[in-house]
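Q: If you scroll down you'll find the structure; I have some questions about it.
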Amino acid sequence: MIYMDNAATSFPKPPETEQAMMEAVRTLGNAGRGAHGTSLAAGRKICQVREMLAEMFHAEDSSRIAFTQNTTQALNTAILGTLGPGDHVITTMCDHNSVLRPLYLLEKQGVALTIIPADSKGRIDYDAMRKAVRSETKAIVVTHASNLTGNVTDLKTVAEIAEYNGLLLIVDAAQTAGILPIDVQKMGIDILCFPGHKGLLGPQGTGGIYVRPGVTVRPLMVGGSGVKSFDHEHPQNMPASLEAGTMNAHGIAGLGGGISFIRKTGMENIRRREDLLAWRFLEQIREINEVTVYGDFSDGSDRVATIALNIGDMDSGEVAERLAEEYDIAVRAGAHCAPLMHKALGTGERGAVRFSFSYFNTEDEINRASQAVREIAEDQ
């Protein structure tokens, strides 16, 4: 199989991820639930991976990183834990349902919502964002990169808008953590939400949230914490405040393995290779008759290695099915949980076919994928 669905989850995982999980299954117990060896070993492993993430994202210290099961849980925690009736929040048409649906829920509860438009190439209108700020605005929630077009958001501009107006900046790094350099302090990020199973090359069921010192986030869940068991209230200090229940020590260990691979290989080297593969694919398919490519590919545009396209008037699901059945190529078709982005692109009815590449793809796979697109287009 040729796997080109890395924006959904990275595959294959590096050997370090598998090895770390296998060792964890054999050695780790329940962190914070005892003074015996397996519990202590689990606690040490979780602390180690927390330190690795803090270093990667340049957090003030590792206590500012809490683990979640995915980006969706992190974003729900961030959004539902900071906003309330009477507040106003700004997001964009580029954002994922993991942002939009919590905001729609809050809108029913009295939170005012402004969604900033994007053009037909998926580019955010930053002037409209500036003008959208009002006295009751509390936060801007924005994706770091579109999971559909691959366009990278100008976080520098968004952070300037947030800082100038004293707003919280909440960033969805589902498509960028482990791929693009992220310095939460220099970039003015108040809350960063990220997955473990995509660019960080860890297993599914892992993710996390960074919270800047001084920012309070109400927990999404409360319960067992391993400490202060007689208190009626859940612990309020980070990271325990956002980590109710048994920790996924085995998955977190695997995440540490993925980060170890990134450290060894070099994030810049990983991104360079992914960019090379994506642009190679683009150059081979962009001139094919009947192929429409979506996103901003202008000089100087910043991107991740994701390319969305359609072929003629074919439904995107039909194209993906043919790619899978006839060519053994795995891609993602449909709406990609990004309904407003499809509205901006004009692909709301049939969706789009998304190719998303990883460090482990090869030039031969790129050639075979582009040839498959060509052959399907020629059948039109």
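The values are calculated or read from the model by the stated rules, or taken from the named source; none is laboratory data. Note that this is a predicted model, so its numbers are computed, not measured. Here the Cβ is made from the backbone with ideal geometry for all residues, glycine too, and neighbour counts use every protein chain on show. Each accessible area value is taken on the protein alone, full model and side chains, heavy atoms only, with ligands, DNA and RNA left out. Shrake-Rupley method; radii C 1.70, N 1.55, O 1.52, S 1.80 Å.
Q: State all residues of region 335-359 that are in a strand (DSSP E or B) and either surrounded by fewer than 24 Cβ atoms within 10 Å (Cβ to Cβ) or in contact with a helix residue (DSSP H, G or I) (Cβ under 7 Å, 6 or more places away or on another chain) (or both); if no residue qualifies, say none. Give the derivation first.
A: At the first step, the residues of region 335-359 found to be in a strand (DSSP E or B) are 352-356.
ALA352, VAL353, PHE355, listed by residue number.
Q: Quick one: SER316 ticks every box in (1) touching a helix residue (DSSP H, G or I) at 6+ places or on another chain (Cβ under 9 Å); (2) open to solvent by less than 20 Å² (accessible area, probe 1.4 Å); (3) more than 24 Å from HIS144 (Cβ to Cβ) bar one, so which box is it?
A: With respect to (1) touching a helix residue (DSSP H, G or I) at 6+ places or on another chain (Cβ under 9 Å); (2) open to solvent by less than 20 Å² (accessible area, probe 1.4 Å); (3) more than 24 Å from HIS144 (Cβ to Cβ), SER316 is out only on (1).
For (1) part of a helix (DSSP H, G or I); (2) within 18 Å of the chain's Cα centre (by Cα); (3) touching a residue at least 24 places away in the same chain (Cβ under 8 Å); (4) crowded, with 23+ Cβ neighbours inside 10 Å, each residue gets a yes or a no:
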residue: ALA8; (1), (2), (3), (4): no, yes, yes, no
residue: ALA20; (1), (2), (3), (4): yes, no, yes, yes
residue: VAL25; (1), (2), (3), (4): yes, no, yes, no
residue: ALA31; (1), (2), (3), (4): no, no, yes, yes
residue: ARG44; (1), (2), (3), (4): yes, no, no, no
residue: GLU60; (1), (2), (3), (4): no, no, yes, no
residue: THR72; (1), (2), (3), (4): yes, yes, yes, no
residue: THR77; (1), (2), (3), (4): yes, yes, yes, yes
residue: LEU83; (1), (2), (3), (4): no, no, yes, yes
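Q: If I filter region 285-306 down to residues being assigned to a loop (DSSP other than H, G, I, E, B) and charged (D, E, K, R), which single residue comes out as nearest to LYS198 (Cα to Cα)? Steps first, answer last, please.
A: Applying the first criterion (assigned to a loop (DSSP other than H, G, I, E, B)) to region 285-306 yields 286-290, 295-302, 304-305.
Then drop every residue that is not charged (D, E, K, R), which leaves 286-287, 290, 296, 299, 302.
Working: ARG286: 26, GLU287: 30, GLU290: 31, ASP296: 22, ASP299: 27, ASP302: 19 Å.
It comes out as ASP302.
Q: Of all residues being polar (S, T, N, Q) and farther than 27 Å from ASP379 by Cβ in region 272-308, which is least open to solvent (accessible area, probe 1.4 Å)? Just the residue, please. Spell out the reasoning first.
A: Here is the first cut: in region 272-308, the residues polar (S, T, N, Q) are 284, 289, 292, 298, 301, 306.
Among the residues that remain, those that are also farther than 27 Å from ASP379 by Cβ are: 298, 301.
Numbers: SER298: 52, SER301: 33 Å².
Checking each candidate, the answer is SER301.
Rundown of residues vs (1) in a helix (DSSP H, G or I); (2) acidic (Asp, Glu), yes/no style:
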residue: ALA128; (1), (2): yes, no
residue: LYS131; (1), (2): yes, no
residue: LYS138; (1), (2): no, no
residue: VAL142; (1), (2): no, no
residue: LEU148; (1), (2): no, no
residue: GLU163; (1), (2): yes, yes
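Q: Being closer than 24 Å to LEU242 by Cβ, open to solvent by less than 10 Å² (accessible area, probe 1.4 Å), without any contact (Cβ under 8 Å) to a residue 40 or more places away in the chain and out of contact with any Pro (no Cβ under 7 Å at 6 or more places or on another chain) is true for just one of ALA173, ALA162, ALA139. Which residue is that?
A: Values: ALA173 fails: without any contact (Cβ under 8 Å) to a residue 40 or more places away in the chain; ALA139 fails: without any contact (Cβ under 8 Å) to a residue 40 or more places away in the chain.
It is ALA162.
Q: Give the residue, chosen from VAL99, VAL89, that is under 17 Å from VAL152 (Cα atoms), at pLDDT 95 or above and either open to solvent by less than 20 Å² (accessible area, probe 1.4 Å) or hydroxyl-bearing (Ser, Thr, Tyr) (or both). Write out each step before concluding.
A: Values: VAL89 fails: under 17 Å from VAL152 (Cα atoms).
Every option except VAL99 fails the conditions.
Q: Looking at LEU282, LEU255, LEU309, can you tell me which residue is over 19 Å from the mean Cα position of the chain (by Cα) and assigned to a helix (DSSP H, G or I)?
A: Numbers: LEU255 fails: over 19 Å from the mean Cα position of the chain (by Cα); LEU309 fails: assigned to a helix (DSSP H, G or I).
Within the list LEU282, LEU255, LEU309, the selection yields LEU282.
Q: Now for a separate question. Scan GLY214, GLY208 and give me the residue that is in a loop (DSSP other than H, G, I, E, B) and either surrounded by fewer than 24 Cβ atoms within 10 Å (Cβ to Cβ) or not polar (S, T, N, Q) (or both). Before the answer, list the steps.
A: Values: GLY208 fails: in a loop (DSSP other than H, G, I, E, B).
So the residue among GLY214, GLY208 that is in a loop (DSSP other than H, G, I, E, B) and either surrounded by fewer than 24 Cβ atoms within 10 Å (Cβ to Cβ) or not polar (S, T, N, Q) (or both) is GLY214.
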